[in-house]
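Data first, discussion second: the structure below is written as structure tokens.
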Amino acid sequence: MNTERDKQYAMTTVLVKFIADNLAAIGVSPAAAAEAADIPTAYELLKGAVGRAPINTKLVTEQAGTTRTVLLAALPALLGPLRAIATKTGDTALLTRATLSKRQLRKMKPEELRDVSKALFATADDHATALASYALSAPVLAQLRDLHAAFASTVGSTSSLIDQRSGSNKSAEDLLQDLMQQVYELDKPMEVFRFLNPSLYDAYKRARRVGNSGGGGRKGSGGPGETPIS
């Protein structure tokens, strides 16, 4: 691991202790508790891999990345017409479902993206007649569904990114990336403690800032490189 990754590892070491020391307080938010519970497991996997020689990314991982990229590129072709239909018909429920930015989609866990896009295609079925006038005929929708199916086939059935990869011989770099993704997922439900428990939230921020970690990855990817909590 490079210097930036070393800082992230140091931060997660402190964060794991913070979680252990504050389980009851975090448990006020079941969503935060669920995300926090994934982190110690991910951290232990990383600890076991630190110092191990890096291993080349496996073909299945490369395939998953490719199918995800293709699906993300195609989804706006469905979302745009659905938003247009919602606006014209005053369907606020449809507008809510169809208003997803590229950034929101990119930040989703594989399971989230799989399930959200599946729901979008179910919505498309309900508006098939209207979508035809936007050049989204049944054959075109079938092509889009094939992209979703290709991506969905790479996604495991477990709820944690770490669980999906724990059985494979991944490098420390790979496992750290997974761990950091779990940390970013915890950031979201922890926001409620700004209001409910400011002292807990301040302690969380201090743990997250150990080593000034959070950079060094791809911007906007929802993984390492995402702006640290403030």
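Below are the figures for this structure:
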item	result
Lone qualifier among 89, 99 - being surrounded by fewer than 13 Cβ atoms within 10 Å (Cβ to Cβ), free of Cβ contacts under 8 Å to residues at least 60 places away in the same chain, within 30 Å of residue 186 (Cβ to Cβ) and over 17 Å from the mean Cα position of the chain (by Cα)	99
Subset tally (residues that are over 13 Å from residue 113 (Cα atoms) and either surrounded by fewer than 19 Cβ atoms within 10 Å (Cβ to Cβ) or modelled with pLDDT under 90 (or both)) for region 137-156	9
Number of the condition not met by residue 185 [criteria: (1) at pLDDT 90 or above; (2) open to solvent by 20 Å² or more (accessible area, probe 1.4 Å)]	(2)
Check on residue 44, modelled with pLDDT under 90 and either of a type in the set (Asp, Glu) or within 21 Å of residue 126 (Cβ to Cβ) (or both)	yes
Filter result for residue 109 (over 20 Å from residue 137 (Cβ atoms), modelled with pLDDT under 90 and more than 15 Å from the chain's Cα centre (by Cα))	no
Qualifying positions in region 121-154 - among the polar types (S, T, N, Q) and in a helix (DSSP H, G or I)	123, 129, 143
Answer from 159, 230, 199 - the residue that is assigned to a loop (DSSP other than H, G, I, E, B), among the polar types (S, T, N, Q), open to solvent by 60 Å² or more (accessible area, probe 1.4 Å) and modelled with pLDDT of 50 or more	230
From the options 53, 132, 77, 84, residue that is of a type in the set (A, V, I, L, M) and modelled with pLDDT under 90	53
Any hit, region 57-71, residues being open to solvent by less than 30 Å² (accessible area, probe 1.4 Å) and modelled with pLDDT of 80 or more	yes
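The values are calculated or read from the model by the stated rules, or taken from the named source; none is laboratory data. Source: prediction; values computed, not measured. Glycine gets a Cβ as well: all are built from the backbone with ideal geometry, and neighbour counts include every protein chain shown. For accessibility, only protein heavy atoms count, side chains too; no ligands or nucleic acids. Shrake-Rupley method; radii C 1.70, N 1.55, O 1.52, S 1.80 Å.
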